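A short write-up of the structure that comes next.
The values are calculated or read from the model by the stated rules, or taken from the named source; none is laboratory data. What you see is a predicted model, and the numbers here were worked out from it, not measured in a lab. Note that we place each Cβ from the backbone using ideal geometry, even for glycine, and neighbour counts take in every protein chain shown. Each accessible area value is taken on the protein alone, full model and side chains, heavy atoms only, with ligands, DNA and RNA left out. Shrake-Rupley method; radii C 1.70, N 1.55, O 1.52, S 1.80 Å.
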Amino acid sequence: MPIDIKNDSPDIALKKLKARESILRQFEEIAQLGSWEVDLVTKRSIWSKKSYEIYGLPYGSDVSIDTFFTMVLPAYLPKAKELFAQAMQTGKMLKFTCKLRRTDGEVRDFFINARVIYDAEKNPLKLIGTTQDITEISAIKEEAKDLATLLEHSSNEIYIVDMESLDYLYVNEGASAALGYTKEELLHMNVRDVSPFISTEEIKYLRKSLKNTKHAIVRSVHQRKDASRYPVQAYIHTLEYKHKHAYVIFDTDFSEIVRLEEEHKEQAELMEYQAYHDTLTGLPNRALFKDRLQQIIITSKRYKQKFALLFIDLDQFKKINDSLGHHVGDEVLIETAKRFQTILREEDTLSRLGGDEFTVILKNIKTKKDIAKVAQKLINSMKKPLATKHHTLHISSSIGISTYPDDASTQNDLIKFADTAMYKAKEEGRNNFQFYSSEMTERAFERVVLENSLRVAVKEKQFEAYFQPQYDAQKETIVGMEALVRWIHPHVGIISPGEFIPLAQESGLIIEIDKLVMQQAMEQFSQWYEKGLYPGVLALNLSMRQLNENNFITDLLETMDTYNFKASWLELEVTEGQVMSNPEQSIKKLSRLSKLGIEIAIDDFGTGYSSLSYLKKLPLSKLKIDQSFIRDIPKSEDDIAITKAIIALGKSLNLKLIAEGVETKEQRDFIVDNRCEYIQGYYYSKPLNSEAITHLLEAN
């Protein structure tokens, strides 16, 4: 019979509860439930032995609600405290799941349910409840005939069901409350009424399973009286009930766990997707690319097929990131991926390895002609100007191609050879594709050796500043010098800038090299001025990459201060192309330098596409006419016309003009006759080391 405590005094109710204590302990073992109570007057807590076992605490140790709260994981603690407080204030049934860390460090899932017991005057007397470890459910023992009586007031749904008819023989208050039916209504119903979605085959399978194991754990869906549904997890055990073969069923509302499982599934799927796809473009990433490449090697070997690997690199992409910002670079990469995808077949794999590097696997390709057609289509797809939110950009790409099995049969070699061919495409002027050849590997090896030597050279400061004088053409006097770098290799000797500057720019070593040249040149200029010599203005080449460094101006001023170098002695040269890649930003940064008293010159003027509206806003003091226009004077009428136009433009903007690359008297006379004041070139002097320049200054 159920224990009726509603109309009894607290003392009588407690006596009845104690009378069934032995049965309760048996039930706790069967259902893996720990019971506990909190005296709301004395605040004293009493836990059953099973509760101690569930929480991993020594039996008989002091416990309280706070003991429970200290074990709840932080993510569940606020909700647990809130629900306990609500139960105390409202008297409503407390029911929730959470994760706890036992004293042995193991994290397990628990289901808590409790309620407040009142005395005759409706004063809160006790908070009684149960804790169920739902991580693992043990077999429910056959001695659980009195299960319904012991758990009448539990918030769990508890049923006893006729084994043959599946009619309900017993239901507790928790079942009635969960389903919205009265107990009387439920006792006239069948399992199929509450679980209408369970099939006959499922029932047959469950019955067969229970004959062998005597217990089972299943999930199903319950339908309430109002037709709403919720998932449950059922712990089922066979037993004898009132001389009938029956099942005892403990059902737990599994809604929250199902929701968490769905969330975890979505998160797992998302994490798996992110692990193998590029987050920016959605393309396969390096990991997935290598996996697919390995798979196609296996397939192609088995069926004796050929395929091609294309390694694609966007030309001058770093300039976009450096001058316009990474957000613009990201827009370029996204649009590039879209354009490439429109060219390729479904069976081909387009991947982004990182940065501006893409790869394409072309499956089952017959001839190099077929590969070349695809490569050219990819290149052509970038010819249309690429419009971002605020810019219209012209982008090109360089493609290297290796083939299986002609060039290589392993993943690493195919990638390496395609990469090598891509660098060959860069060397051939960019915006083209190149097939791999064995000669490329030799050149690539030389490139690696050169880069390693270059890094050693930076570390050991093997670079020396050379100076090429700049002359006042009318007075034939030195007015300044351009600092140029020479690599003085300890074994090879002087290495031409043309051999290492491009590599230094690609590797980023150019920043350190330029710093070394700046320091040497400023120190040397200060020494010349101290000796009473007049070297004029020091012209230093400045890349926008240097200028965009956060500490560039600070480092510049510190270097000037170290060597007592005056701002009026310095002229910074920036190329026209770099300035016009982001003119607004260039104006701001160069203006800061100009305000320090440093002159700004445009180098290689005439080779870019300057906007006059921007040109007049720049804080310029000088234009340098590029040597490509001087080289064929006076033979080339076009170069004569262009040079005259540049001089006229400079005069109209009140800028100084200097022609570089002047080598002959005819070129010198043409420059002077057309009112260009300054000249730099072999006609006067080649670049010299500091010792030779000292002699030259002393002679003047």
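Spatial offset of segment 273-318 relative to segment 64-129 amounts to 54 Å, using the alpha carbon center of each. Once the Cα-Cα distance is subtracted from the 0.36 nm per residue extended length, the N700 to I46 segment shows a gain of 224.9 nm.
Once Rh for segment 299-342 is found with the Kirkwood sum over Cα pairs, what is the Stokes-Einstein diffusion coefficient at 25 °C and 0.890 mPa s, in µm²/s?
Rounded to a whole number, D works out at 190 µm²/s.
Any of K377/K426; K475/K651; K301/K416; K459/K515; K92/K122; K459/K686 with alpha carbons more than 24 Å apart? Name them for me. Working shown, then result.
Numbers: K377/K426 18 Å; K475/K651 19 Å; K301/K416 20 Å; K459/K515 12 Å; K92/K122 14 Å; K459/K686 28 Å.
Violating the 24 Å Cα-Cα cut-off are K459/K686.
So how exposed is M88, as accessible area in Å² (1.4 Å probe, rounded to 10)? Here the residue's solvent-accessible area equals roughly 80 Å². Each Cα pair under 8 Å and six or more residues apart adds its separation to the average, and for the chain the resulting relative contact order is 7 percent.
Note on K635 and K665: with the Förster distance fixed at 25 Å, the Cβ-Cβ geometry gives a FRET efficiency of about 0.95. Available extension along the chain between I587 and T67 is 180.5 nm, counting 0.36 nm per residue and deducting the alpha carbon span. In Å², and per residue, what accessible area does the chain have when probed at 1.4 Å with the other protein chains present? Heavy-atom accessible area per residue stands at 52 Å².
Rounded to the nearest 0.05, what FRET efficiency is calculated for A120 and E263 with R0 set to 60 Å and r the Cβ-Cβ distance?
For A120 and E263, the calculated efficiency is 0.80.
Label zone (R207, point 7 Å along Cα-to-C-beta; backbone nitrogen cut-off 11 Å) within segment 163-180: 163-166.
Taking trypsin sites (Lys or Arg not before Pro) across segment 623-673, the ones in a DSSP loop with at most 12 further Cβ atoms lying within 10 angstrom of their Cβ are K635. Inter-part distance, segment 362-410 to segment 162-235, computed on C-alpha centroids, equals 63 Å.
Quick one, can you get me the convex hull of the C-alpha atoms of the chain expressed as volume per residue in Å³?
Working: hull volume 197.3 nm³, N = 700.
With only Cα atoms used, the chain gives 282 Å³ per residue.
For the pair D406 and N190, label points projected 7 Å from Cα toward Cβ lie 7.4 nm apart.
Over the C-alpha atoms of segment 156-270, the Rg to Rh ratio, Rh being the Kirkwood estimate, stands at 1.00. Summarised as an ellipsoid, segment 459-543 has semi-axes of 26, 14, 12 Å, derived from the eigenvalues of the Cα gyration tensor scaled by 5 and square-rooted, with the largest first. For N689 and K81, a Förster radius of 56 Å and the Cβ-Cβ distance give a FRET efficiency of 0.10, rounded to the nearest 0.05. Each label point was placed 7 Å from the Cα along the Cα-to-Cβ direction; for N654 and S381 their separation is 5.3 nm.
Summing -39500 (n - 2.57) over the DSSP H runs of n ≥ 4 in the chain and dividing by its residue number, what mean residue ellipticity at 222 nm do you reach, to the nearest 500 deg cm²/dmol?
One gets -13500 deg cm²/dmol as the mean residue ellipticity at 222 nm.
A simple spin-label model places the labels of T299 and A177 5.9 nm from each other, with each point 7 Å out along Cα-to-Cβ.
Quantify, in whole percent, the carbon and sulfur part of the accessible surface of the chain (1.4 Å probe; protein heavy atoms only).
Its accessible area is 50 percent carbon and sulfur atoms.
Per residue, the convex hull spanned by the Cα atoms of segment 351-395 measures out at 87 cubic angstrom. Cα axis of helix 368-380 to longest principal axis of the chain: angle in degrees, 0 to 90, nearest 10? Approximately 90 degrees, to the nearest 10.
With a ≥ b ≥ c the root eigenvalues of the C-alpha gyration tensor of segment 241-342, is it rounded (a/c under 1.5), prolate (a/b larger than b/c) or oblate? Since a/c reaches 1.5 but b/c is at least a/b, the shape of segment 241-342 is classed as oblate.
Within a straight-line Cα-Cα reach of under 17 Å, K368 can be paired with the following aspartates and glutamates, leaving aside sequence neighbours fewer than 8 residues apart in one chain: D348, D406, D407.
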